[in-house]
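Step one of this worksheet: look at the structure below.
Please treat every number below as a calculation from the coordinates, not as lab data. In this text the structure is predicted, and so the values were computed from the model without any measurement. Here the Cβ positions follow ideal geometry from the backbone for every residue, glycine too, while neighbour counts run over all protein chains shown.
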Amino acid sequence: MQRKLKTLALLLAGTLLVSTQAVNAQSSSPPPATATRPAETTPGQTSVPNSSPPATRTETTGQINSDPTVKKMNEDAKGKVEREGK
């Protein structure tokens, strides 16, 4: 019996708390409407453009010629993939 009374008291206290919060939410005034609005015109470019000429297909990436041993290993691996698959 005492357990039922404790449960009932907790339920009533919770209900009272929720209803009090709802009343406070309804009675408070809305925040002021002072939000900043987006600019009507977008700002100009702010980054500095690159002064180098555009890349061409004939330019190299700066990679140096590989060691002949490495070239041979790469060719062997490529041939193996072509023959056997991955």
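Cross-link reach is defined here as a Cα-Cα straight distance under 30 Å, omitting same-chain residues fewer than 8 places apart; for LYS78 the lysines meeting it are LYS86.
What FRET efficiency do you get for GLU75 and ALA55 if R0 is 30 Å and r is their Cβ-Cβ distance, rounded to the nearest 0.05? With R0 = 30 Å, the Cβ-Cβ based efficiency is 0.60. Taking 0.36 nm per residue of separation and subtracting the current Cα-Cα distance, fully stretching the chain between GLU82 and VAL48 would add 7.5 nm.
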